[in-house]
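Here, each number is a calculation from the coordinates, and none is a lab measurement. Computed from a predicted model, the values in this text were never measured in an experiment. In this analysis, Cβ positions are derived from the backbone assuming ideal geometry, glycine residues included, and neighbour counts consider all displayed protein chains.
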Amino acid sequence: MKQQNTDFLVIGSGLAGLTFALKAAEIGQVTILTKAQIQESNTSWAQGGIAAAVGESDSWKLHEEDTLIAGAGLCDPEAVRMLVQRAPAAIEWLEQQGTRFDLSASNALDLGREGGHSRHRIVHHADKTGWEVERAVSESVRKNPAIQVYENCFVTDLLISDGQCVGASAKISDLGSAQFTAKATMLATGGCGKVYSNTTNPRVATGDGIALAHNAGATISNMEFQQFHPTTLKHSQLAGFLITEAMRGAGATLRNHEGRRFMYDYDPRLELAPRDVVARSIEREIQKLKTWCVYLDATHLESEQLKHEFPTIYQRLKEIGLEIDRQWIPVVPAQHYSCGGVNTDLVGQTSIPRLYASGEVTCTGVHGANRLASNSLLEAIVFSFAAAEAISAESSNLPNTPEFKAPHCIPESEAIHIRHALQAQMSTHAGIFRTNAGLATLKEFIDSTLINYDEPPSAPFSAYSAESRNLLIVAQYIADGAIARNVNVGLHFNADLA
Ligand SMILES: Cc1cc2nc3c(=O)[nH]c(=O)nc-3n(C[C@H](O)[C@H](O)[C@H](O)COP(=O)(O)OP(=O)(O)OC[C@H]3O[C@@H](n4cnc5c(N)ncnc54)[C@H](O)[C@@H]3O)c2cc1C
């Protein structure tokens with residue numbers, strides 16, 4: 001079995017992991033483990049952009065106020081202040097890495113506006129900001145001689161010794177089992193969208209980091225706050241494809257089957273109300289009219305503006321026969337972002353010594369009960385910076401490495417069946433609207449399935465099977481959190497509490 005020691009170990013190659021790696025490489029050797037290709041991540045799919053108070057009429061105080069309002073009273077004010085105050089420096093750093101943001105005619109950053117923001121403050125690269133950011137940062141990582149990257153390397157366990165995290169074990173395709181030790185480990189494994197049938201997240205978003213942290217005994221919270229994006233495409237050929245909020249920011253409106261702009265019935269902020277409000281309004285409208293979607297109408301916007309500001313959406317939809325300058329876009333809400341996760345402090349430290357976390361896998365306190373749009377890429381950078389400063393204090397005297405433990409897997413054919421059943425249960429009972437009875441049914445399904453999962457003798461390792469077990473753990477946190485949350489707040493809505 002391969003054994004390797006490094007100064008700093010990073011699990012995940014989205015913006016959180018890569019940012020941390022580049023900063024940590026200034027003080028030591030860094031090894032990145034990532035389960036697919038380096039760029040396969042939620043980061044690469046981000047469309048809208050990154051929030052930062054860099055406009056003339058804006059200030060970090062206004063950004064802070066908007067973030068706290070979206071979080072519905074459950075944000076950690078200290079974490080929010082740190083996030084918004086450090087946002088301009090984060091943008092500057094990304095530019096230094098070679099990220100190309102769109103500029104206005106006067107050569108200043110061109111700022112978009114999204115729901116819940118009181119100002120134009122979204123720094124962007126057309127409608128593929130995440131792709132551009134990941135490109136720039138991964139290029140910097142590739143060029144850095146202090147950073148080694150293992151792709152197709154699936155982390156199966158955190159190594160815990162004397163209550164401290166001393167690294168991780170993994171399965172590397174072609175190389176087999178491996179153990180990596182390090183004086184600090186950064187968990188940056190991203191989201192868990194695949195726990196639902198309908199999500200904007202790519203295939204790697206299976207909540208592995210939540211399960212790794214859970215198995216290691218770290219504290220995890222707020223998983224009941226799952227954000228559903230209001231406008232994802234309802235189409236057999238491109239299900240879950242995100243239609244960015246920036247399109248509503250540019251003036252696109254929501255209409256029901258009868259063509260009525262129904263947001264007038266729900267919120268005075270109309271299409272730019274916070275995401276939970278818009279998503280719930282859409283669900284209600286779909287139920288009320290017994291239809292399978294609502295529509296996003298951008299037909300009153302100039303064709304040239306749509307092609308220029310939303311080139312990816314324009315092109316992808318055209319390929320499936322939808323001309324957005326002439327036709328309404330059928331949309332439904334879909335799981336998009338996990339506001340809860342592994343608890344960390346202001347420097348990304350988890351409840352386990354030497355284990356840090358950053359990005360969507362965490363609960364830093366900045367999102368509270370609901371994330372303000374475009375605050376998550378920002379969170380990944382700001383908290384990875386802070387963690388990279390903190391790790392210099394970690395000593396190299398590690399306790400002994402624990403013995404290798406092979407991960408428990410069931411045959412893939414069974415895992416496929418279980419994953420689909422779980423996704424259906426989660427979508428029915430832990431989606432935008434929840435009920436006491438539905439959550440109880442869900443909980444019973446998850447608990448009994450987990451017991452069955454662990455009972456038979458282990459089958460040969462399969463990443464799909466390991467991920468499916470991880471999804472069950474994630475689902476358990478969401479269900480338990482939703483059952484325990486006895487008041488409707490932010491993204492959690494239980495009809496029996498209304
Ligand atoms: C369609 C879409 C649009 C979005 N738009 C925006 C936006 O406009 N603005 C914004 O701020 N946010 C946006 N978000 C959210 C944002 O993209 C994510 O929250 C953010 O990119 C998370 O970054 P991360 O580094 O934490 O995780 P990710 O970018 O998801 O990276 C996680 C990494 O961990 C790896 N990994 C996972 N499990 C394992 C394992 N077991 N072993 C090894 N490696 C593993 C993955 O392969 C991946 O490389 C969007 C998300 C989506 C899906």
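Between the helical axis of 15-24 and the longest alpha-carbon principal axis of the chain there is an angle of about 50 degrees. Peptides 36-49, 366-379, ordered by how many other C-beta atoms sit within 10 Å of their residues on average, highest first, read 366-379, 36-49.
When you count the other C-beta atoms within 10 angstrom of each residue and take the mean per peptide, 450-461, 229-240, 468-479, 182-193 line up highest first as 182-193, 468-479, 229-240, 450-461. The phi torsions of segment 232-246, fed into the Karplus equation with coefficients 6.51, -1.76 and 1.60 and a -60° offset, translate into couplings of 10, 5, 9, 7, 4, 8, 8, 5, x, 5, 7, 9, 3, 4, 4 Hz, rounded to whole numbers, with Gly and Pro shown as x. Between R326 and A36, the C-beta separation translates, for a Förster distance of 41 Å, into a calculated FRET efficiency of about 0.65.
Which whole-number percent is the relative contact order of segment 232-333 (Cα, under 8 Å, 6+ apart)?
Relative contact order, segment 232-333: 32 percent.
With the simple spin-label model, which puts each label point 7 Å out from Cα in the Cβ direction, the H420 to L238 separation comes to 2.6 nm. Peptides 318-324, 211-217, 89-95 ranked from most to least packed, by the mean per-residue count of other Cβ atoms within 10 Å: 211-217, 89-95, 318-324. Rounded to the nearest 5, the antiparallel percentage of DSSP beta bridges internal to the chain is 60%. Size descriptor for segment 183-236, Kirkwood hydrodynamic radius: 13.0 Å (Cα pairs only, one decimal). Straight Cα distances below 13 angstrom link K405 to the aspartates and glutamates D157, with same-chain residues fewer than 8 positions distant left out.
Under the convention that each Lys and Arg Cβ holds +1 and each Asp and Glu Cβ holds -1, the size of the dipole of the chain around its Cα centre is about 560 debye. Ellipticity at 222 nm from helices only: DSSP H runs of n ≥ 4 in the chain, each -39500 (n - 2.57), divided by the residue count, give -11000 deg cm²/dmol. Scalar couplings 3J(HN,Hα) for segment 363-370, obtained by applying the Karplus form with A = 6.51, B = -1.76, C = 1.60 to θ = phi - 60°, are 10, 8, x, 6, 9, x, 8, 6 Hz; x denotes Gly and Pro. Over the C-alpha trace of segment 190-279, radius of gyration and Dmax come out as 16.5, 52 angstrom. The Kirkwood radius of segment 390-498, taken over pairs of alpha-carbon atoms, gives through the Stokes-Einstein law at 25 °C and 0.890 mPa s a diffusion coefficient of 152 µm² s⁻¹. With the simple model of a label 7 Å out from the Cα in the direction of the Cβ, N107 to L175 spans 4.6 nm.
Checking the table K35/K183; K2/K443; K143/K183 against a 31 Å threshold on Cα-Cα, which pairs fail? Check vs 31 Å cut-off fails for K2/K443.
Label point of A406 set 7 angstrom out along Cα-Cβ; within segment 169-192, amide nitrogens under 20 Å from it belong to 169-180. Here the relative contact order of the chain, from alpha carbon pairs under 8 Å that lie six or more residues apart, stands at 22 percent. The tail of the calculated P(r) for the chain, taken as Cα-Cα distances beyond 41 Å, holds 15 percent of the pairs. Along segment 87-93 the Karplus relation, 6.51 cos²θ - 1.76 cosθ + 1.60 evaluated at θ = phi - 60°, assigns HN-Hα couplings of 4, x, 5, 5, 5, 4, 4 Hz to successive residues, with x for each Gly and Pro.
For segment 15-90 versus segment 398-475, the spacing of their alpha-carbon centroids is 30 Å.
Using the Stokes-Einstein relation with a Kirkwood hydrodynamic radius computed over Cα pairs, the translational diffusion coefficient of segment 232-333 at 37 °C and a viscosity of 0.692 mPa s comes to 240 µm²/s. Of all aspartates and glutamates in the structure, the ones whose alpha carbon falls short of 17 Å from that of K61, not counting any fewer than 8 places away in one chain, are D76, E78, E379. Counting only alpha carbon atoms, the long axis of helix 412-429 and the longest principal axis of the chain meet at about 40°. Over segment 386-451, the fraction of Cα-Cα pairs per 5 Å bin, rounded to whole percents and listed from the shortest bin up, is 3, 12, 15, 12, 9, 8, 8, 13, 15, 5, 0.
Only lysines eight or more places from K288 in sequence, or on another chain, were considered; those with a Cα closer than 22 Å are K234. When Rg and Dmax are taken over the Cα atoms of segment 117-240, they come to 18.0, 52 Å. Close amide H partners of C75, meaning residues 5 or more places away or on another chain with modelled amide H under 5 Å apart, are A369.
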